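*Asks:* Dropping a structure here in structure tokens format, bear with me for questions.
Taken together, the values in this text are just the output of simple stated rules run on the coordinates, not laboratory data. Values in this document were obtained by computation on a predicted structure and should not be read as measured data. Virtual Cβ from ideal backbone geometry, glycine too; neighbours counted across all protein chains shown.
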């Protein structure tokens, strides 16, 4: 039987409205950051074209039958895996990472679309009625589906995108219903590994914290000892992984720990970005009036460091408005994921939310100096065609889920 919806029941305007406002901020920030730049003045016009294409793609994805996403999940995953392999063979290297493919003068990042394919594939597997995420077998399969593209991305190497994948993989497993203890087992080795980068005292302190948590869980001695051994091994193994990273990644990690260790090199962007945001004050210096922006103190600031342009020219008020728009968007997506009765659609929506949220946290965190500089764009604000198209596809999927939510109740 056909269900007759009113427009507000078929389309969540609260989902698209913050993105449209971000689009206007995005255009202003990109125009300002490329205004006097001799080699980037065409970026603004190109981004307008990308923006128009992205909006069209959004409505195409929104209009698709919702079953389409489950049907294409495995083919989409396999195609994106193939593209990640191809980019390792014939890809173009940009900023130290072999992450771009060029077809007829058109360049794109396969990893941006691999996020969508991996989310859909994991959501399809986890939504099977026979899957019990608490069992080692099903948990291992889910992790293999999610981490296989991560291994390919690390070979580029692209640490930032790999972190986005790891983030939504963990969120999807958590949303499926994994226990707190099982999640602790998955997360604790990574916590120990990161702590070890800051020195032996942080490493020992993290081990003590893990030990206390294991005592609180009150598991048997053999299991607790095995988990502790795993965490201990991850800390020692981090040194070998660190050596495998490229030199520019070493410098970024060192600059995160201490930006002043190389103020004219790896720590330069972070220092200048903090100066730009701090100089903006409450209301900012005004459009096209930012010193750091117009004098081009930050190279290619229209990409990963676009937020410092907003901070300098529109001040604290403008920065908070951007954060507020993202928070509102996140809550809208979370509400759609929570209200969906179809587990596949719910998992897909929460995976997309995890992608947006991770980009948001890391990008703004690295601009203000509390996160390492790992080259992640700010969704709907940073310059870039691949990321914008991929983000609008994901937003279109969420809008599609909202449109048919009553059919799948």
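*Asks:* For region 7-403, go through all pairs of different Cα atoms, get the mean of 1/r, take its inverse, and jot down that Kirkwood value in Å.
*Replies:* For region 7-403, the Kirkwood estimate is 22.3 Å.
*Asks:* Hey, with R₀ at 35 Å, roughly what FRET efficiency would residue 151 and residue 228 work out to, going by the Cβ-Cβ distance, to 0.05?
*Replies:* 0.85
*Asks:* What is the extension gain from residue 321 to residue 209, computed as 0.36 nm multiplied by their sequence separation minus the C-alpha to C-alpha distance, in nm to one decimal?
*Replies:* Taking residue 321 through residue 209 to full extension adds about 36.6 nm, to one decimal.
*Asks:* Another question, if that's okay. Which length gain, in nm to one decimal place, applies between residue 335 and residue 166 when the Cα-Cα distance is subtracted from 0.36 nm times their residue separation?
*Replies:* 58.6 nm
*Asks:* Ordered by packing density, taken as the mean number of other Cβ atoms within 10 Å over each peptide's residues, highest first, how do 333-343, 369-379 rank?
*Replies:* Packing order, densest peptide first, comes out as 369-379, 333-343.
*Asks:* Related question: Between residue 218 and residue 88, what's the calculated FRET efficiency when r is the beta-carbon distance and R0 is 51 Å? Round to 0.05.
*Replies:* Computed FRET efficiency for residue 218 and residue 88: 0.65.
*Asks:* Something else: For the residue pair residue 144 and residue 275, what label-to-label distance in nm results when each label sits 7 Å from Cα along the Cα-to-beta-carbon direction?
*Replies:* 5.2
*Asks:* Sort 194-205, 355-366 for me by packing, meaning the mean count of neighbouring Cβ atoms within 10 Å per residue, highest on top.
*Replies:* 355-366, 194-205
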